[in-house]
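The values are calculated or read from the model by the stated rules, or taken from the named source; none is laboratory data. Since the structure is predicted, the reported quantities are computational estimates derived from the model, not experimental observations. Backbone-built Cβ (ideal geometry, glycine too); neighbour counts: all protein chains shown.
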Amino acid sequence: MRRRELAGILLFVAIIQFAFLANISQLLYDGYSLRDTLLSDLGVWEQPSALLFNTSLVIFGVLGIGVGVILWPDKKLNFIPLLFVLCGIGMLIMAAFPITIEWAHDVGAFLSFVLIAVAALACYWTFPGPFGKASFIIGIIGFFTEITYKLEIYFGLGAAGSERMIIYPLFIWMAAFAAVLFYSDENAPRDSLLDRFFAWAASYF
């Protein structure tokens, strides 16, 4: 099995298990509201949903780190594998420190979502074509929604709705990225703009 195929499978499993376990966790949370209850609230240990939700974060974290490690030798992906390793670490931090420990949880959220938005932006140069353009748009959306959420601009969706506007597009992008990894050829010529820049820079050393 090729490295990209294995990484694509692991990433897809990470997304599916999180979506499945997070939805079950919502059923366990007393008084759960799509508008008023943050996804992060599901991991507060006083809630019956905490064990299941935090387990899903740990699984995602471990698999995310695995994706990054598997892709690490793939130089055509530039620094995207590193971003997935950091995303996985961020998920583990969020599992260890629920939102009641806000500063630590925010560090985990930054690693998990801001850096994945950076990975989406990086695909614009790494994968020329429709996927690269779509990734760039989703990366911009990720940054925009993260900024407006921190500024408490919720567009009538409430804090919980705005949080989902950060998470859902990035998870959809990761699912698409998993499919691209599975079907793309790591032996194809390196012809992205970023690849050309690195080749030009390396020629001077």
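Brief remarks follow.
- Under the condition of being at pLDDT 90 or above and out of contact with any Asp or Glu (no Cβ under 8 Å at 6 or more places or on another chain), the residues counted in region 162-205 number 18.
- Restricting attention to region 124-140 and to residues that are surrounded by fewer than 18 Cβ atoms within 10 Å (Cβ to Cβ) and under 16 Å from the mean Cα position of the chain (by Cα), the residue that is nearest to V13 (Cα to Cα) turns out to be A134.
- So G158, is it of a type outside the set (S, T, Y), surrounded by fewer than 16 Cβ atoms within 10 Å (Cβ to Cβ) and modelled with pLDDT under 90: no
- Residue within region 63-71 that is closer than 27 Å to F155 by Cβ and in contact with a Phe, Trp or Tyr (Cβ under 8 Å, 6 or more places away or on another chain) present: no
- Each residue in region 55-95 was checked for being in a helix (DSSP H, G or I) and more than 17 Å from S25 (Cβ to Cβ), and 26 of them qualify.
- Comparison of W103, W45 shows that the only residue that is at pLDDT 90 or above and in a loop (DSSP other than H, G, I, E, B) is W45.
- Only one entry in P48, P81 is within 18 Å of the chain's Cα centre (by Cα) and over 26 Å from K150 (Cβ atoms), namely P81.
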